[in-house]
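Only one structure is covered here, and it is reproduced in the block below.
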Amino acid sequence: MLSIRRFRLNQILFVLIPVAAALPAQQPLGPVIERRIDTMLPKLTLEQKIELLGGVSTWYTHAEPSIGLSSIRLSDGPAGLRSGIPAIAYPAPIALAATWDPKLAEEMGGALGHDARARGVDVLLGPGVDIARAPMGGRNFEYLGEDPWLASRIAVAYIEGVQAQGVSATIKHFALNDQEYNRHNSSSDADERTMREIGLPAFEAAVKEAHVGAIMDSYNLVNGIHSTENGWLNNTVAKQEWGFTGVIMSDWNSVYDGVAAVNHGLDLEMPFLHYLGPDTLLPAVHDGRVSEATIDDHVRRILRLVLRFGANNRAPDDSVSLFSESSDATALKIARESIVLLKNDGHVLPLDSARTCTLAVIGPGASPAVMGGGGSAVVTTHKSVSILEGSADFLHAVPAQPGCAHTVLYDSGVPDRYDVFHATRFDHGLAEQAFAARDFSGPSANTTRRDLNENRITTSRTGSIRFTGQFTAPSNGAYYAVVHDGRPTDRHTLYVDGQRLADPAAIETGTWYIPLPHPLSRGQAIQIRLDYLPNDVEVYPGLGIIAADDIVSPRARRIARASDTVLIAAGFDKATEHEGADRTFALPALQNDLIRNVAALNPHTILALTGGGNVDMNPWIDHVPALLHLWYPGEEGGTALADVLFGVQNPEGKLPVSFERRWEDNPSFKSYYPVGDPNELPCLAGDVCKGRGAPAHVRYSEGVFLGYRYYASPAINTEHLQPRFPFGFGLSYTTFAFSDLRINRNTARPDDPITITLTVRNTGSVAGAEVAQVYVGEQNPKVPRPHYELKAFQKIRLAAGESRTIALPLNRRSFAYWSDPDHDWKVDPGIFTIYAGDSSDNLPLHTDLTLQ
């Protein structure tokens, strides 16, 4: 039996509003719109035209009553509306990519467009399609993985879904915004072939196939030129080569030179006219640096967007619910189908709900719900289902076997910080010196404390406090220092034996877990010094030391031992993975120790990870029998996970990125960060250093050999490195077999239509979904090429024992590479091999094709 709430959501799937029928037909591009613009432009003065080139607030563009033009309303974002009104939080785009299902992407786009109409939003700022070069990329969760073909298929469908609702989508961030490190001042340096084959195809497909209404330029520079003033990208490639007729807008506050931007393709500055305003552009037009024809083209594009999508005087559609149950059902569907089962030793999963009497849910991600990463993708919701809530709801709604009462136990897993502070013993107490000066100098008021457990200390805003003591290790092993800032604006610096330690991560606001620089032996003494800078007259600092083996709280240990199964909820969240900075490859502080220690207490341990991509699994992967990657599952994540855990949903997610064993194994390892000493590079403080200093150059040294393209190419991957989990990988509760790969012709010309057929059979005992993946490789290429590349795929749902033959098309681009000398896509005559299977590392079928 299912809960009433689950039953209602399942029923809603069958009564989704037909998106196309819900709206008047979208006005097509064509002579009617252009003639109307021709009548509007002459009515505007030069000053009025310039004012239209920017926003007037965070979400609105400039209105012009003289021609009846209202403001355009824009909104983030790619995983839910951020319009000031609570909305549906969908799974992150990387989760959508993990479904490998363009039809589902179109459904999500339609739901987002539906939600936008309810709020009077004209332009949705999504999807993002930048490529995942490295797992630390701060916005990887907003993008669609490492492969341009997969990204383009998901993006095109998403855009078509949004725009079918009469709302413009926005493809972003143009281009090569593949890291958040120093994003205003970092130059992504790549050769044209790398850009054409890896970085740009999803943008190209969005323009040529989906006819996206808007493009958003990125913060970073591309080959030394900011994207908002990069004429090659904006004018030559997008507007001329691809025929883009829509609006190219800036990311918020990403314009640096108004004259350069307006001359090189930027149409709209958001959120305000800082650089494209009259003070800059009027003199530039008058002295000939900018032509009025250029201004007219920008205005024409803005008017075209308004008229194409019927955005003028659009009001919120009161017939559309602000909480759409159909949209919530879509969010649940995506969450279910995006979860990737990476490991299932001993068939731990699925769990038998009738026999799972006691389930322990442990970890920082268990509650409250972790719906998405941080930054502009954060969505305020009407509801959210945590992993704890989803698991408890499920078990309480199904029957148990006789003598078994379903019980769900919970603990965050980490000891309370007060207990750590109280339990820490400093050998001779902790000496406190309170200085009147800010630099720990001059006379001080001195005292000695037993411990520092967030005691109330009265001080001066302009003073400083130093705590010193000696700690002797009671056992062998690694240790952490735990520091709590008494006020959010207080600052601290910790020293061990005179060595300054960095603050790697905060478990909660103001609490820092800092690993000591080396393991300690029993009886070994270390000197601790905490320099504390208060920002108020009362502060409440805390300081303690805890052994890594004691990370798991006493309650978590007890319930882990006593339960039939343990579910660990760990990973990143909106505080530890967000735009504006890159995250760590390692999990946030303490989580590795938590996972390893809990898994040692119960052999039936399942780990559920949240995050935008891979993490360093080496500390615990051999100790955890079952591993699920949830990405960021949105507001229904807890419900979706419970369905997968107990077999209601057969896991069908597939990795949209390769999961490396070590960060050093990633092909971008040597060039992901700027060349040189990071401490000596200019302006590394993120957004605060916008526009100052020389750019830091990030060289794309891997070229086209990114992700699986590198691992599968022995001529490039000379160390024969292999990922831990390959691109396209994902386990199921059933098994599948591939057979009968055929091609409609063995010899062809590049422009001939080519169709691949193959048969997929469910060889297991339960229904499930598989993704048939087709890769193409040239046998003796004239230029270095990946051994093979993804060129087609299709998700198939099959009952137990069922088989189906599918047909997949290939075209000229399936065999082409970008030729820099020819400045075009090129197919060399020769023999190509077509591979098929269920991941980039498991391609049992292959056949050859000769191109003339």
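Percent of alpha carbon pairs in segment 802-852 separated by more than 14 Å?
Cα-Cα pairs of segment 802-852 separated by over 14 Å account for 66 percent.
Are there GluC sites (Glu not before Pro) in segment 716-824 that DSSP marks as loop and that have at most 14 other Cβ atoms within 10 Å, and which are they? Don't skip to the answer; put the middle values down first.
Numbers: sites: Glu719, Glu770, Glu778, Glu789, Glu802; in loops: Glu719, Glu802.
Answer by residue number: Glu719, Glu802.
Could you tell me the distance between the Cα centroids of segment 250-288 and segment 412-437, to the nearest Å?
If we compute the Cα centre of each part, the gap is 54 Å.
Report the local net charge at Glu204: Lys and Arg +1, Asp and Glu -1, summed over other residues whose C-beta lies under 12 Å from its C-beta.
0
Enumerate the amide H contacts of Leu607 below 5 Å, restricted to partners 5 or more residues apart or on another chain; note that Pro and chain-start residues carry no placed amide H.
HN-HN under 5 Å from Leu607: Ile568, Ala626, Leu627, Leu628.
In whole Hz, what ³J(HN,Hα) sequence does segment 341-357 give by Karplus (6.51, -1.76, 1.60; θ = phi - 60°), x for Gly and Pro?
8, 9, 8, 8, 4, x, 6, 4, 10, x, 6, 8, 5, 5, 9, 8, 6
Specify which residue in the list Gly120, Ser250, Val827 is farthest towards the positive end of the charge dipole of the chain, using unit charges on the beta carbon of Lys, Arg (+1) and Asp, Glu (-1), about the Cα centre.
Looking along the dipole axis, the top candidate is Gly120.
Could you list which residues have their amide H under 5 Å from that of Gly837, counting only those 5 or more apart in sequence or on another chain, with H placed in the peptide plane?
Amide H to amide H, under 5 Å and 5 or more residues apart or across chains, Gly837 pairs with Gln773.
How would you classify segment 696-841 from its alpha-carbon gyration tensor, with a ≥ b ≥ c the square roots of the eigenvalues: rounded for a/c under 1.5, else prolate if a/b is greater than b/c, otherwise oblate?
It is oblate, given that a/c is not under 1.5 and a/b is not larger than b/c.
Nearest 20 debye, what's the magnitude of the dipole of segment 187-312 about its Cα centre given +1 on Lys and Arg Cβ and -1 on Asp and Glu Cβ?
420 debye
Under 10 °C and 1.306 mPa s, how fast does segment 92-186 diffuse according to Stokes-Einstein, given a Kirkwood radius computed over C-alpha pairs? Answer in µm²/s, whole number.
Values: Rh = 13.4 Å.
Once the numbers are plugged in, D ends up at 118 µm²/s.
Would you mind checking which residues have amide H under 5 Å from His173's amide H? H placed 1.01 Å from N; only 5 or more apart, or other chain.
For His173, the qualifying residues are Val129, Asp130.
What percent of all Cα-Cα pairs in segment 356-429 falls into each 5 Å bin, going from 0 up to the bin containing the maximum distance?
In whole percents, the pair-distance histogram is 3, 13, 16, 14, 13, 13, 10, 8, 5, 3, 1, 0.
For segment 725-852, calculate the relative contact order in percent as a whole number, restricting contacts to Cα pairs under 8 Å that are 6 or more residues apart.
Relative CO of segment 725-852 lands at 32 percent.
Given N residues in segment 158-205, what is its alpha carbon radius of gyration divided by 2.2 N^0.38 Å?
Working: Rg = 13.7 Å, N = 48, 2.2 N^0.38 = 9.6 Å.
Here the Cα radius of gyration is 1.43 times the empirical estimate.
With +1 on the Cβ of every Lys and Arg and -1 on the Cβ of every Asp and Glu, and nothing else charged, how large is the dipole of the chain about its Cα centre, in debye rounded to the nearest 20? Don't skip to the end; give the middle numbers.
Working: 74 positive and 97 negative charges, 235 e Å.
The dipole magnitude comes to about 1120 debye.
Can you tell me what percent of all Cα-Cα pairs in segment 337-474 are more than 25 Å apart?
Values: 5540 of 9453 pairs.
Distances greater than 25 Å cover 59 percent of the Cα pairs.
What does the accessible area per residue of segment 364-415 come to in Å², with a 1.4 Å probe and no ligands, DNA or RNA counted?
I get 39 Å² per residue for segment 364-415.
What accessible area per residue comes out for segment 128-204, rounded to a whole number of Å², with a 1.4 Å probe?
Result: 11 Å² per residue.
Convert each backbone phi in segment 314-322 into a coupling constant with the Karplus relation 6.51 cos²θ - 1.76 cosθ + 1.60 (shift: θ = phi - 60°), then list the ³J(HN,Hα) values in order as whole Hz, x for Gly and Pro.
5, 10, x, 8, 5, 7, 9, 5, 6
Would you mind telling me the share, in percent, of accessible area of segment 712-852 contributed by carbon and sulfur at probe 1.4 angstrom?
Here it works out to 48 percent.
Binning every alpha carbon pair distance of segment 516-590 at 10 Å from zero, what are the percents per bin?
So the P(r) values, bin by bin, are 11, 26, 36, 24, 4, 0.
Show me the ranking of peptides 283-291, 606-614 by mean Cβ neighbours inside 10 Å, starting with the highest.
Ranking the peptides 283-291, 606-614 by packing returns 606-614, 283-291.
Over 26 Å between C-alpha atoms is what I'm after, so list which of Lys103/Lys654; Lys103/Lys574; Lys795/Lys826; Lys208/Lys670 land there.
Distance filter (> 26 Å) returns Lys103/Lys574; Lys795/Lys826; Lys208/Lys670.
Sort segment 696-759 into rounded, prolate or oblate with this rule: let a ≥ b ≥ c be the square roots of the eigenvalues of the Cα gyration tensor; rounded if a/c is under 1.5, and if a/c is not under 1.5, prolate when a/b is larger than b/c, oblate otherwise. Each step should come with its number before you reach the end.
Details: a/c = 2.60, a/b = 1.35, b/c = 1.93.
It is oblate, given that a/c is not under 1.5 and a/b is not larger than b/c.
Put +1 on the Cβ of every Lys and Arg and -1 on every Asp and Glu Cβ in the chain; which of Leu645, Gly161, Leu628 then has its Cα farthest towards the positive end of the dipole?
It is Leu645, whose Cα lies furthest towards the positive end.
Which whole-Hz couplings ³J(HN,Hα) result when phi for each residue of segment 441-455 is put into the Karplus expression 6.51 cos²θ - 1.76 cosθ + 1.60, θ = phi - 60°, listed in order with x for Gly and Pro?
Running phi through 6.51 cos²θ - 1.76 cosθ + 1.60 with θ = phi - 60° gives 10, x, x, 9, 8, 10, 7, 10, 10, 5, 8, 10, 10, 6, 5 Hz.
Between segment 211-238 and segment 161-197, what is the C-alpha centre distance in whole Å?
If we compute the Cα centre of each part, the gap is 8 Å.
Can you pull the percent of segment 230-349's accessible area that's carbon plus sulfur, 1.4 Å probe, other chains left in place?
Answer for segment 230-349 is 49 percent, counting heavy atoms of protein chains only.
So what is the relative contact order for segment 357-472, in percent, with contacts set as C-alpha pairs under 8 Å and at least six apart?
Computed over segment 357-472, the figure is 26 percent.
What is the diffusion coefficient of segment 752-796 in µm²/s, taking the Kirkwood radius over Cα pairs and the Stokes-Einstein relation at 25 °C with a viscosity of 0.890 mPa s?
D = 186 µm²/s.
Which percentage, to the nearest 5, of the DSSP beta bridges contained in the chain is antiparallel?
Of all bridge pairs located within the chain, approximately 70 percent are antiparallel.
For a distance above 53 Å, tell me the whole-number percent of Cα pairs in the chain that qualify.
Result for the distance tail: 17 percent.
How long, wide and thick is segment 757-825, going by the Cα atoms along their three principal axes, in whole angstroms, largest first?
Largest first, segment 757-825 extends 54, 18, 15 Å along its Cα principal axes.
What shape does segment 530-682 have by the C-alpha gyration tensor, where a ≥ b ≥ c are the square roots of the eigenvalues, rounded means a/c under 1.5, and otherwise prolate means a/b greater than b/c and oblate the rest?
The shape class here is oblate.
What translational diffusion coefficient, in µm²/s and rounded to a whole number, does the Stokes-Einstein relation yield for segment 174-249 at 37 °C and a viscosity of 0.692 mPa s, taking the hydrodynamic radius as the Kirkwood radius over Cα pairs?
In µm²/s, the coefficient is 263.
Roll a 1.4 Å probe over the protein chains and send me the accessible area per residue for segment 700-834 in Å².
43 Å²
Taking 2.2 N^0.38 Å as the expected size of a compact globular protein, what ratio does the Cα radius of gyration of segment 276-425 give against it, to two decimals?
It is 1.87.
Can you compute the radius of gyration and Dmax for segment 107-163, using only the Cα atoms, both in Å?
According to the Cα coordinates of segment 107-163, Rg and Dmax are 12.6, 37 Å.
Which percent of the accessible heavy-atom area of segment 24-83 goes to carbon and sulfur, probe 1.4 angstrom? Write down the numbers at each step before the final one.
On the way: 1590 of 2730 Å².
C and S fraction of accessible area: 58 percent.
Compute the distance from the alpha-carbon center of segment 315-335 to that of segment 448-512, in whole Å.
Between the Cα centres of segment 315-335 and segment 448-512 lies a distance of 47 Å.
Below 8 Å between Cα atoms, with a sequence gap of 6+, how large is the relative contact order for segment 116-180 in percent?
It rounds to 49 percent for segment 116-180.
The values are calculated or read from the model by the stated rules, or taken from the named source; none is laboratory data. This structure is a prediction, so every number in the text was calculated from the model and none was measured. Note that each Cβ is placed from the backbone with ideal geometry, even for glycine, and that neighbours are counted across all protein chains shown. For accessibility, only protein heavy atoms count, side chains too; no ligands or nucleic acids. Shrake-Rupley method; radii C 1.70, N 1.55, O 1.52, S 1.80 Å.
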